[in-house]
1. Quick one: in region 34-52, of everything that is at pLDDT 85 or above and over 14 Å from the mean Cα position of the chain (by Cα), which residue is farthest from residue 75 (Cα to Cα)?
2. Residues 13, 19: which one is open to solvent by 60 Å² or more (accessible area, probe 1.4 Å) and assigned to a helix (DSSP H, G or I)?
3. Under the condition of being open to solvent by 80 Å² or more (accessible area, probe 1.4 Å) and not basic (Lys, Arg), which residue from region 47-56 is nearest to residue 101 (Cα to Cα)?
4. Could you pull out the residue among 39, 66 that is within 21 Å of residue 138 (Cβ to Cβ) and either assigned to a helix (DSSP H, G or I) or of a type in the set (S, T, N, Q) (or both)?
5. Filter region 94-126 down to the residues that are farther than 20 Å from residue 19 by Cβ and in contact (Cβ under 8 Å) with a residue 40 or more places away in the chain, then identify the one that is most open to solvent (accessible area, probe 1.4 Å).
6. Can you tell me which condition residue 56 does not meet? The list is (1) under 16 Å from residue 14 (Cβ atoms); (2) at pLDDT below 95; (3) among the aliphatic types (A, V, I, L, M), and all the others hold.
7. Of the conditions (1) outside any helix (DSSP H, G or I); (2) open to solvent by 60 Å² or more (accessible area, probe 1.4 Å), residue 75 clears all except one; give me its number.
8. Against the condition open to solvent by 30 Å² or more (accessible area, probe 1.4 Å), among the polar types (S, T, N, Q) and not in a helix (DSSP H, G or I), how does residue 138 come out, does it pass?
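The values are calculated or read from the model by the stated rules, or taken from the named source; none is laboratory data. Just so it is clear, the model here is predicted, and its values are computed rather than measured. Glycine gets a Cβ as well: all are built from the backbone with ideal geometry, and neighbour counts include every protein chain shown. With ligands, DNA and RNA removed, areas are computed over all heavy atoms of the protein, side chains included. Shrake-Rupley method; radii C 1.70, N 1.55, O 1.52, S 1.80 Å.
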Amino acid sequence: MWEIIRMIAVGIFLLIEGFRDFRKRKISMLSVLIFAVLGIVLEIPEGITVWKEITAGIMVGAVVLGLAKITEGKIGVGDGWVLIVTGLFLGFRGNLFLFMAALFASAVVSIVLLLCGKADKKTQLPFISFLFIGYMLTITI
């Protein structure tokens with residue numbers, strides 16, 4: 001039961017923020033905070049043993065935040081915050097797999113856009129939308 005609630009919460013969060021990222025190129029920190037609190041509340045029944053996995057999952061987002069700082073915004077700070085929240089729900093392996101699936105999906109779309117002449121090397125794509133696509137792929141596999 002809790003697992004289904006977690007899956008739905010992550011899907012809703014990524015759908016909301018993916019749409020916002022696609023339309024406005026930014027995220028809502030209020031939404032991040034709400035879903036972070038929800039993620040923490042949903043993990044309380046699991047006990048202390050799961051917190052190591054959750055902390056590792058959060059680190060995926062923290063690394064992306066660090067990369068955003070290093071690249072001076074080439075990687076979005078919002079992407080890091082969203083991955084921190086998904087790390088609360090998915091743990092390390094789930095969040096890392098989500099991140100890799102999103103990178104793969106964005107690479108495929110980027111190649112297609114480049115080949116069709118619809119984009120160049122400076123074109124920026126909204127990554128959180130690809131996190132949603134990656135999540136849909138991961139829950140169907």
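1. Step by step, filter region 34-52, then rank; the result is 41.
2. Values: 13 fails: open to solvent by 60 Å² or more (accessible area, probe 1.4 Å).
None of the other options fit; the residue is 19.
3. 49
4. On the way: 66 fails: within 21 Å of residue 138 (Cβ to Cβ).
Unique residue meeting the criteria: 39.
5. Only one residue fits best here, namely 97.
6. Status for residue 56: all satisfied but (1).
7. (2)
8. no
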